[in-house]
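One structure is given here, and the rest of the page talks about it.
The values are calculated or read from the model by the stated rules, or taken from the named source; none is laboratory data. Being a predicted model, the structure only gives us computed values, none of them experimental. Quick reminder, even Gly has a Cβ in these numbers, built from the backbone with ideal geometry, and neighbours come from all protein chains shown. These area figures cover heavy atoms from the full protein model, side chains too; ligands, DNA and RNA do not enter into them. Shrake-Rupley method; radii C 1.70, N 1.55, O 1.52, S 1.80 Å.
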Amino acid sequence: MPTMLVLGATSGIAQAAARLFADSGWTLQLAGRDSQRLREVADACGGVPVFPFDALDPASRSALWGLLPSCPDAVLCAVGLLGDQDCACRSPKEALRVMECNFTGLVPVLLQAAEAFEARGAGLIIGLSSVAGDRGRASNYAYGSAKAGFTAFLSGLRARLWGSGVHVLTVKPGYVATGMIAGRRLPSCIVASPERVARDIFRAVHSGRDVLYTPGWWRPLLALYRALPECVAKRLKL
């Protein structure tokens, strides 16, 4: 059975995806920062092994791959931190924390995975980015810029690994009913369930997609938003 390492395994999307892949025959390795919640998720998935991983801790980032009992066949990176935009726009420390958790802190582990998969000639890397990375907005530009960087990193990694037997899938969810948007008043019609996103990821893996917007209507909507002239976009209260 193939093995999948799930980074950020306590997030809502990661939990839904882990259950779906486990039900289809995948063996799981779960990694995350909150050890108690991680064990709860592991128990719900049938008692799979867990490993400590904190994207904000350099020692944790460098140690994870060596802790694994075997090289996985796939990595699902679902680590993410929305952060506090009001704080981030005034505090360089907070802005850098958001960027490290969503982008730069994930690079070391994904590069290790890419190297191992390339040497083996097979593998799958799934990175959860966000529609927020398609264009900067005043309301979340710290988070959005980190996701934009992560999207570009995954795109470059996909190009580098093309033809090696290693596939890289970039996932761009919109609003998802997880703790990340808890307390926000959003129209229910634009908020997807983690299970919906997990099913889309599962189908995208099996169809060989490179980039997945989920739900799919985000793709044309973001294309229109990206097409707006900057002189117009900067005036929108988004």
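Tabulated values for the structure
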{"read-out": "Answer residue from segment 222-238, given it is without any contact (Cβ under 8 Å) to a residue 12 or more places away in the chain and not in a loop (DSSP other than H, G, I, E, B) and is nearest to Asp73 (Cα to Cα) among those", "value": "Ala223"}
{"read-out": "Any hit, segment 141-160, residues being part of a helix (DSSP H, G or I) and over 21 Å from Val79 (Cα atoms)", "value": "yes"}
{"read-out": "Yes/no for Ser91 being open to solvent by 10 Å² or more (accessible area, probe 1.4 Å) and farther than 30 Å from Gly121 by Cβ", "value": "yes"}
{"read-out": "Selection count where residues are part of a loop (DSSP other than H, G, I, E, B), open to solvent by 70 Å² or more (accessible area, probe 1.4 Å) and more than 25 Å from Ser155 (Cα to Cα), scope segment 188-219", "value": "0"}
{"read-out": "Subset of segment 49-85 that is open to solvent by less than 50 Å² (accessible area, probe 1.4 Å), in a loop (DSSP other than H, G, I, E, B) and touching a Leu at 6+ places or on another chain (Cβ under 8 Å) - its residue that is nearest to Ala17 (Cα to Cα)", "value": "Ala78"}
{"read-out": "Residue list for segment 112-129, restricted to those being touching a residue at least 40 places away in the same chain (Cβ under 8 Å) and part of a helix (DSSP H, G or I)", "value": "Gln112, Ala113, Ala114, Ala116, Phe117, Glu118, Arg120"}
{"read-out": "Single residue of segment 170-187 satisfying the filter (among the small types (Gly, Ala, Ser) and out of contact with any Pro (no Cβ under 9 Å at 6 or more places or on another chain)) that is surrounded by the most Cβ atoms within 10 Å (Cβ to Cβ)", "value": "Gly179"}
{"read-out": "Selection within segment 2-48 - of a type in the set (Asp, Glu) and either over 21 Å from Leu64 (Cα atoms) or assigned to a helix (DSSP H, G or I) (or both)", "value": "Asp23, Glu40, Asp43"}
{"read-out": "Residue list for segment 60-113, restricted to those being under 13 Å from Leu30 (Cα atoms) and of a type in the set (Phe, Trp, Tyr)", "value": "Trp65"}
{"read-out": "Every residue from segment 130-169 that is without any contact (Cβ under 8 Å) to a residue 12 or more places away in the chain and either more than 30 Å from Arg120 (Cβ to Cβ) or open to solvent by 50 Å² or more (accessible area, probe 1.4 Å) (or both)", "value": "Ala152, Ala159, Trp162, Gly163"}
{"read-out": "Those residues of segment 183-213 which are closer than 15 Å to Gln15 by Cβ, out of contact with any Ser or Thr (no Cβ under 6 Å at 6 or more places or on another chain) and aliphatic (A, V, I, L, M), in sequence order", "value": "Ala192, Ala198, Ile201"}
{"read-out": "Filter pass, Asp34 being closer than 16 Å to Thr178 by Cβ, out of contact with any helix residue (DSSP H, G or I) (no Cβ under 6 Å at 6 or more places or on another chain) and open to solvent by 40 Å² or more (accessible area, probe 1.4 Å)", "value": "yes"}
{"read-out": "Residue list for segment 87-107, restricted to those being closer than 16 Å to Ser139 by Cα and under 22 Å from the mean Cα position of the chain (by Cα)", "value": "Ala88, Glu94, Ala95, Val98, Met99"}
